[in-house]
1. Among the candidates Thr148, Thr129, which residue alone is free of Cβ contacts under 8 Å to residues at least 60 places away in the same chain and open to solvent by less than 50 Å² (accessible area, probe 1.4 Å)?
2. For segment 17-30, how many residues are surrounded by 15 or more Cβ atoms within 10 Å (Cβ to Cβ), without any contact (Cβ under 8 Å) to a residue 40 or more places away in the chain and either farther than 18 Å from Val68 by Cβ or of a type in the set (Val, Ile, Thr) (or both)?
3. Sort out which residues of segment 25-53 are in a helix (DSSP H, G or I) and within 21 Å of the chain's Cα centre (by Cα), and write them in order of number.
4. Is there any pair linking a residue in segment 97-120 that is outside any helix (DSSP H, G or I) to one that is surrounded by 15 or more Cβ atoms within 10 Å (Cβ to Cβ) and not charged (D, E, K, R), with Cβ under 8 Å and at least six apart or on different chains, and which?
5. Looking at the structure I just gave you, is Glu127 more than 23 Å from Glu105 (Cα to Cα) and not in a helix (DSSP H, G or I)?
6. Restricting attention to segment 169-183, does a residue exist that is on the phi > 0 side of the Ramachandran plot and surrounded by fewer than 17 Cβ atoms within 10 Å (Cβ to Cβ)?
7. Please pick out the residue among Ala110, Ala133 that is within 17 Å of the chain's Cα centre (by Cα) and of a type in the set (Gly, Ala, Ser).
8. Of all residues in segment 63-74, which are under 19 Å from Thr171 (Cβ atoms) and either touching a strand residue (DSSP E or B) at 6+ places or on another chain (Cβ under 6 Å) or open to solvent by less than 60 Å² (accessible area, probe 1.4 Å) (or both)?
Amino acid sequence: MTNIETLTPLRTVSLRENVAELLVEKILSGKFEPGDRLNESALSRQLQVSRAPIREALQQLQEQGLVVNQPRRGMFVVQLTDADVRKINSMRVVLEGEALVLCREHMTPAVLRRLQQMIEKMEQDHEMTALEATRLDFAFHRTIWANTGNEYLERALTSLTSSLFSYKLVTKPVQERLRMILDSHRPLFDFLTGDADLLAARAIIHHHVNLRWQNP
């Protein structure tokens with residue numbers, strides 16, 4: 001387990017946001033590893049802030065999928081087993097295939113422009129950090145889900161996959177693989193501007209997911 005006693009105290013804090021940023025940096029740098037417990041009291045002592053902003057920051061990271069709450073045990077850095085990944089991805093292929101079809105049915109010029117801009121940034125910006133790339137990746141998918149006209153589907157996909165995106169970031173994918181993943185979004189965009197059916201949508205999502213996770 002990682003020793004949180006090595007953290008430098010925060011003396012000037014814009015509270016929840018600054019605490020959350022610090023914890024994200026420590027997770028992504030490896031100071032906190034997958035499965036490590038993030039104890040409110042210990043973090044409060046080391047950062048020299050009250051427990052309230054620590055608690056709020058941990059809740060923010062939980063919403064982002066970087067931290068999971070285990071009942072009666074506390075908050076832990078996200079850690080997924082191979083079985084967890086397979087279970088999540090088997091659901092994702094089905095749900096996101098449906099999301100692609102619905103997004104196309106509800107497509108507007110504004111949403112199409114936004115997705116086009118994201119695609120162009122993915123394909124042209126080769127200097128992105130892993131964090132920037134993961135955030136752009138997730139934002140692209142969430143834009144599709146938000147345009148389905150089905151808020152239940154959107155919430156289900158966001159809740160289901162946030163831990164996947166975060167865990168892959170925590171495990172530090174190599175830059176070459178990140179580039180391949182970013183470049184793989186064009187088929188999703190092409191589906192949204194074409195007329196293929198639901199089976200094709202699921203096949204596209206399956207191939208896309210398989211680039212990051214084996215045997216989804």
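The values are calculated or read from the model by the stated rules, or taken from the named source; none is laboratory data. Because the structure is predicted, anything quoted here is derived from the model rather than measured. So basically every Cβ, Gly included, is an ideal-geometry build from the backbone, and we count neighbours across all protein chains shown. We work out accessible area using only protein heavy atoms, side chains counted, and drop any ligands, DNA or RNA first. Shrake-Rupley method; radii C 1.70, N 1.55, O 1.52, S 1.80 Å.
1. Thr148
2. Of the residues in segment 17-30, 3 are surrounded by 15 or more Cβ atoms within 10 Å (Cβ to Cβ), without any contact (Cβ under 8 Å) to a residue 40 or more places away in the chain and either farther than 18 Å from Val68 by Cβ or of a type in the set (Val, Ile, Thr) (or both).
3. Within segment 25-53, Glu25, Lys26, Ile27, Leu28, Ser29 qualify.
4. Pairs that qualify, where the first residue is outside any helix (DSSP H, G or I) and the partner is surrounded by 15 or more Cβ atoms within 10 Å (Cβ to Cβ) and not charged (D, E, K, R), are His106/Asn147; His106/Thr148; Met107/Asn147; Met107/Leu192; Thr108/Asn147.
5. yes
6. yes
7. Being within 17 Å of the chain's Cα centre (by Cα) and of a type in the set (Gly, Ala, Ser) holds for just one of Ala110, Ala133, which is Ala133.
8. Selection gives Gly65, Leu66, Val67, Val68.
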